[in-house]
Structure formats: C-alpha cells, structure tokens
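Heads up, the thing below is written out as structure tokens.
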Amino acid sequence: MSFSGNLPPNLRKMSAAEQICYTLISAPSDAEQPNEMQLKMDLEKGDTKTKIEALKKTIHLILNGEKFPTILMTIIRFVLPLQDHTIKKLLLIFWEIVPKTTPDGKLMQEMILVCDAYRKDLQHPNEFLRGSTLRFLCKLKEPELLEPLMPAIRACLEHRHSYVRRNAVLAIFTIYKNFEFLIPDAPELVANFLETEQDMSCKRNAFMMLIHVDQERALNYLSSCIDQVHTFGDILQLVIVELIYKVCHANPSERSRFIRCIYNLLNSSSPSVRYEAAGTLVTLSSAPTAIKAAASCYIELIVKESDNNVKLIVLDRLIALKDTPAHERVLQDLVMDILRVLASSDLEVRRKTLNLALDLVSSRNVEEMVLVLKKEVTKTHNTVEHEDTGKYRQLLVRTLHSCCVKFPDVAHTIIPVLLEFLSDNNEQAAADVLAFVREAMQRFEQLRSLILTKLLEVFSTIKASKIHRSALWILGEYCETVEDIHSVMTEFRQCLGD
C-alpha cells in the first residue's frame, strides 16, 4: 500500500486552529476511573459486550484529554478485526478523535493498518457500514490516509444502494475541496454520475458539489433538464433555486434563461421550495407580474401553513415587499387575498395581517375590506369567549376606526357596526369605540344624527360604568335639537326607571 512521501508540509501537519474541537464529557465524581492496563485487558480478552464498554470508556477519556500511547495497537489487533456493528460505529468515532500523527507531524506507522481496515469497510457488503465509513472519511484531514482509498471511494459511486452512492459523492466533494490533487477529475466524474443517477438525494449531493467546484457544468446540466425541474424532488429543487439565484445575481444577463424555471417552481409541492422560489423571483425581477406571482405564493403559504412561526416569517416577507414603493401598487390588488390570513387563530398573525391590509387598502377595495371585517366581527360573537377573542375584537375596532378616518365615504356603513361593541364585555374594545365616536362627531357633522340614533339604541345594553359615563357625555355634548334632547331623556328614564 503506497503513501505519498512528497506532500507539502502544510498538508502533513495541520495547525492547531484547524483541528476539530470536541466536547468534554465529564465522568460522575463517584465513578471509578479506569486505568490504561485495565482498558487494554478488557479490549484484548473481554467478550464483545466488554470490549464495547471498554471502547466507550477509552473514547470518553481521550475526549477529556487523556493520553494512551500504547492502547492504539491493542485496538488495532483485538478490536479492529471484529464485525460487530456497534463496535464498527464506535471505531469510526475513535479513529476520528485519536491522534494520527507524531509530534513532528508525520503519520503514525500504525495508521497504515487502520487504512487497510477503512478500505475493507468501503468494500463491505453491508451498505450502512459503507455509507458510515464514507461519511467518516469526510472528516479526515490526513491525505496520506485518503490516497490509498481513492479507488474504493470511486467504486462506491456505482453501488446499488443510494445511501452508499450519496455518501460517496459527499466524500469525493470534501476530498476534492481539501486535497484536489487526490482526485483531480472529480468534477467530470460527478457530472457523469449526475447524468445517469435516478435517486434524488444522490442527484442533490452531486449537483451541490458542481455548484461549488464547477458551476459551468452545473449550469449545463440544469439547461439540459430545465423542463423537467418541476418533477424533481424538493431537496434537488432547493439546490436549483440556490444556483439560479447565485448565477443571476452575479450575471444579470442570465435572468431570461432561468426565470421561467423559477416561475414553475412557485407551483412546487414543497412549501420550502415555493418560499425560496418566491424570494428569488423578487430578487431577480421587479416586473409587476413577477411581484404579483411571488406575493400570491407567499399568501398561499401563510394560509395553508399550520405553524404560526412560519406564518409570521412569510408575513414579514410580504411587509418587506410593501415597503418598496414600486411594489406597493401591485400588493394593493391583493388586499382581499391577504385578508384570508385572518382565518388563523393566532393573535400576532392577525395583528400583522390587519396592519398590512390597512396600509394597502385603497378607495377601490375599501368597501370589500369593510365587509370582510364586519363578518369577522360577527364571528367573534359566535365563538367561545377567551382572552384572545376580546383582543381580536379590539384589533378589529381599531382597524375599522382607521378605515373611517382614511376613507370617510365608508363611515356610514362602519359606525353602526362599531357602536354594537359598546355592549361588549371587553371594556377596552368599548373604550376604543367611544374614542372613535368622539372623533367621528367632530369629523363627520353629516353623520351626527346617525351616530346619536345608534348610540341611543345600544345605550341600555352597555354594561361598564366607565362606558356609560363617556356615552352620557357624548349625548349631552352633541344633542342640540329639542327632538334629540327629548329622545335622550326618554331613554334615560327607561334605563333608570320612574
């Protein structure tokens, strides 16, 4: 088995900063600390269960900084040949953490034997063992160990099981990235693999490697199958979106080549792909059709997603779109779609939705929005009362109030609805209504008669003394005709009794 003796010093001896950082695992204070002699005895003469426990203890101690210079050969002689799968797994951890070089940076001679064991595991009939070994090789920083294994790693690309093939791609990617001279034809090798591979996880890993090491090959592959992208699995679609974003951001002239693919991915079956595709589309194009398509995609995601945290994240994307003046006009046409999000039961989602809709509503759709809000008010009266129900009604009151101020023409339809809140058990919502009523009396003189009439109708249903007091002040302040004064006095007598 040959090892390269002419490697550069920087590859033979890594600096301390490049070494992997491990977690310290403290043993219980009352636990008996095993000594090296006992561990060697258990590893040499114990049964399989004893060897497993001894190997675990050795790993813990090495992680905690203990030095066992003579135990390495014991493990190579008495543990490495075993075929037990638990031992195989533990050995992968052991080989990862054990020092493999001498103080002067040269590879220990014992590691030649370990390297032969790696090669056998890469040819093992068990696919899990092969795949685990390939994953382990991604963590090795000694090219002398990797060089003899390259033929076996290449052969794993043709294994019948996808678990082995996808980990073989990862191993080749990592080795090429760290030690290109070990496999200089890796991009071509993986590109050919990608052309014939059918498993989506394998294709994803191969495509991801090409993005990072040979972007031109990745683009050529994407161009060859761009019409089939919608049939790919979500893990591959996500990587394709990432590539298109990178390429178009660096070279805007490529946008026309790939933007249709992004449009198609807005209809992916995966919410993650649709979210990323919408974000990429907004970045690549400011055309109204693109913004509308992305915004509609965001809205559908919010409506259909059950996780409230996800709803809030996507809502923030919509709010960010609104904050761009060029996009605001496009979003104004989607106000009614945005209001569909109110079907969510989360108060924060509803708050953000109402604020966004209020910012976007225009004279063209304010009446439709008011109708939706009135229906929402009705729903709150027909549901089981809990803390968030009252807070939601308060949000609806404030939103309707703002609609009146912003669009006085709809005030006459909103005022009767708002005044019904005066009898609400939520005193804060009723107080918000009275604040609005005082403002409306000042702003809309033509509506004073309507407001007074409606206020008298609900006066007897008011439950809170504070609300009664404020309503009395409004009636006393704005009843100016004899007829209105008589109506107020009559209502007072009925409420108080003769």
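Only helices (runs of 4 or more DSSP H) whose full extent lies in the range 168-269 are considered here, and the ones with at least 2 residues that are in contact with a Ser or Thr (Cβ under 8 Å, 6 or more places away or on another chain) and of a type in the set (D, E, K, R) are 255-265. Considering (1) buried (at least 22 other Cβ atoms within 10 Å of the Cβ); (2) not in a helix (DSSP H, G or I), the lone condition that Val433 does not fulfil carries the number (2).
Of all positions in the range 94-115, at least one carries a residue that is touching a residue at least 60 places away in the same chain (Cβ under 8 Å) and in contact with a Ser or Thr (Cβ under 9 Å, 6 or more places away or on another chain).
Among the residues of the range 449-498, what is the count of those that are outside any helix (DSSP H, G or I) and surrounded by 14 or more Cβ atoms within 10 Å (Cβ to Cβ)? Please lay out each step first, then the result.
Taking the range 449-498 and keeping what is outside any helix (DSSP H, G or I), we get 460-464, 479-481, 497-498.
When the remaining residues are screened for being surrounded by 14 or more Cβ atoms within 10 Å (Cβ to Cβ), the result is 462, 464, 479.
Going through the range 449-498 one residue at a time, the tally reaches 3.
Restricting attention to the range 158-205 and to residues that are acidic (Asp, Glu) and touching a helix residue (DSSP H, G or I) at 6+ places or on another chain (Cβ under 6 Å), the residue that is nearest to Arg217 (Cα to Cα) turns out to be Glu197.
Looking at Arg217, Arg204, just one residue is closer than 19 Å to Cys248 by Cα and basic (Lys, Arg), and that residue is Arg217.
Scanning the range 118-177 for residues that are surrounded by fewer than 19 Cβ atoms within 10 Å (Cβ to Cβ), of a type in the set (Gly, Ala, Ser) and out of contact with any Asp or Glu (no Cβ under 8 Å at 6 or more places or on another chain) yields one hit, Ala155. Counting only helices (runs of 4 or more DSSP H) that sit completely within the range 300-358, zero hold 3 or more residues that are in contact with a Leu (Cβ under 6 Å, 6 or more places away or on another chain) and assigned by the TED database to the domain that holds Gln394. For the range 118-150, a tally of residues being under 18 Å from Phe94 (Cβ atoms) and out of contact with any helix residue (DSSP H, G or I) (no Cβ under 8 Å at 6 or more places or on another chain) returns 1.
When the range 169-180 is filtered for residues that are over 14 Å from Thr196 (Cβ atoms) and not polar (S, T, N, Q), the ones remaining, listed by number, are Leu170, Ala171, Ile172, Phe173, Ile175, Tyr176, Lys177, Phe179, Glu180.
Among the listed residues Leu80, Leu92, Leu61, identify the single one that is under 18 Å from Glu144 (Cα atoms), at pLDDT 85 or above, among the aliphatic types (A, V, I, L, M) and surrounded by 13 or more Cβ atoms within 10 Å (Cβ to Cβ). Full working, then the answer.
Details: Leu80 fails: under 18 Å from Glu144 (Cα atoms); Leu61 fails: under 18 Å from Glu144 (Cα atoms).
Selected residue: Leu92, the only one of Leu80, Leu92, Leu61 that is under 18 Å from Glu144 (Cα atoms), at pLDDT 85 or above, among the aliphatic types (A, V, I, L, M) and surrounded by 13 or more Cβ atoms within 10 Å (Cβ to Cβ).
Among the residues of the range 99-115, at least one is modelled with pLDDT of 85 or more and within 22 Å of Val164 (Cβ to Cβ).
For the range 335-349, filtered to residues that are more than 21 Å from the chain's Cα centre (by Cα) and buried (at least 20 other Cβ atoms within 10 Å of the Cβ), the residue that is nearest to Phe407 (Cα to Cα) is Val335. Going by what's in this entry, would Val282 be described as surrounded by 16 or more Cβ atoms within 10 Å (Cβ to Cβ) and farther than 30 Å from Leu339 by Cα? It is false that Val282 is surrounded by 16 or more Cβ atoms within 10 Å (Cβ to Cβ) and farther than 30 Å from Leu339 by Cα.
The values are calculated or read from the model by the stated rules, or taken from the named source; none is laboratory data. Values in this document were obtained by computation on a predicted structure and should not be read as measured data. Ideal geometry is used to build each Cβ from the backbone, glycine not excepted, and the neighbour counts take in all protein chains shown.
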